[in-house]
Structure formats: C-alpha cells, structure tokens
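Everything on this sheet refers to the single structure shown next.
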Amino acid sequence: MRPRVLRLKDAYIENTAGKAAVRCEAKASVSAAKGSTSYIVSGGRSASKNAALQGKRTLVLGGAGTLYVRGNVCHAVEAEDVKIKGTGAFYMQGTRNGSALNCESLEVEPEKTFTAYFLNSKNGIKADRTITVASGTFCLYDNGTALKTDTAADSKKHAHAITLTGGIFRTHANGTLYATEAGAYTAAGATFVEE
C-alpha cells in the first residue's frame, strides 16, 4: 500500500482537547513545503500519553520547509517506525514526562541533509527497539536523555541498539547522552559537537 501524504504549506494545526492534532492510521508521510513554516500543536489534559503528531504505523518526515511539532500533553511525535528525509528543518518538543520523538525504531538512510531538533523533553529520541542513523544533522538540546532505547529488561522480544554510522549530532544540556543495552551503542562515523 502506498503511504498517505500530508503536504503542509504555512499551516497551523492545533488540538487543545488532550488529543493528537494529526493522527495517521496507515503508513503516512508528512512533508513541509519548500519556503514554508508549519505547526502541529497539541494541548489540554489527557490520561493517555498522546502525541501532537501520531502515526500508528510507519511515519516519514520530509520536505524542504520548516515544521514545528509541539506536544504539550506528552510526546511531540509518536509512531511505530519513523524515517526522516528531505532537506528541511524539523523541530520536535515534548514534555518532561514524554519524548520529542517516541517510536519503535528510527531509521535515517545515507545522504540526507535535513536538520532535526529534539528539545526540552524527558527523552530527545526514544525507541523501543533501535535507532539507526547514517546522515542528517541532529540537534539534541535540554533533554533528560538524548538518545534512548529499551533494554532486555523492558522487552526480551527485540534487539535494542543505537547505531550511528554518520550524521552530525549537536548536543547541549542533556542529562545523559545515551541509554541502551550494554555494549549496543556504536557511534563510529558520527560527528558530535557539544554546544
């Protein structure tokens, strides 16, 4: 099945009822149009750990514009599997009880030139299984843990690892850089800049 595509051009989408502002039931792509700035924002109260941008399956972030996702309930972006592409700038901010990006797995393929910001959250990027990055610029600022996966204590069914073979990682004021399975963190090929 081909993914559903949501193209945003100077859009402002907000839900103040404690639910997702954008919810994707199938495989989906959210694209920011070149030269545009768009916002996806959630607020209010909820007993559930909702995200402003929520995908039930694979979610692809892309495009050449700027996208701000602010999750004031818990997470900013949440999906099963997440891929980031394009040449744009993507800003994600959750809460101190949630993650800027919460997923099963994050994958970034080689030769991607986007810049992604993960801000002011309990976790910058939290994946239940794996974080695999080969390119892109990641700005991880003011998070409790910048990069985190589950461990066997959380789930015995999957491998858990952080594998960074490329990309630029700009970090500032994170409590911990990474947390994952013992011996499952590899950053050969990635560039780290403390700001």
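The values are calculated or read from the model by the stated rules, or taken from the named source; none is laboratory data. If you're wondering where the values come from, they're calculated on a predicted model, not measured in any experiment. Cβ: placed from backbone, ideal geometry, glycine included. Neighbour counts: every protein chain shown. Keep in mind that these areas ignore ligands, DNA and RNA; they rest on the heavy atoms of the full protein, side chains included. Shrake-Rupley method; radii C 1.70, N 1.55, O 1.52, S 1.80 Å.
Assessment of region 160-170 against the conditions (in contact (Cβ under 8 Å) with a residue 24 or more places away in the chain, open to solvent by less than 40 Å² (accessible area, probe 1.4 Å), of a type outside the set (Gly, Ala, Ser) and within 21 Å of Gly71 (Cβ to Cβ)) yields no matching residue.
Of the residues in region 141-151, not one is out of contact with any Lys or Arg (no Cβ under 7 Å at 6 or more places or on another chain), open to solvent by 60 Å² or more (accessible area, probe 1.4 Å), assigned to a loop (DSSP other than H, G, I, E, B) and not polar (S, T, N, Q). Please tell me if Ser121 is crowded, with 20+ Cβ neighbours inside 10 Å, among the small types (Gly, Ala, Ser), part of a loop (DSSP other than H, G, I, E, B) and touching a residue at least 24 places away in the same chain (Cβ under 8 Å). The answer is yes for Ser121. Among the residues of region 152-173, the ones that are assigned to a loop (DSSP other than H, G, I, E, B), modelled with pLDDT of 95 or more and under 18 Å from Cys103 (Cβ atoms) come to 2 in all. Taken as a whole, region 46-65 holds no residue that is more than 19 Å from Lys126 (Cα to Cα), β-branched (Val, Ile, Thr) and buried (at least 20 other Cβ atoms within 10 Å of the Cβ).
With respect to the conditions (1) free of Cβ contacts under 8 Å to residues at least 24 places away in the same chain; (2) in contact with a Phe, Trp or Tyr (Cβ under 6 Å, 6 or more places away or on another chain), Tyr39 lacks only one, and its number is (1).
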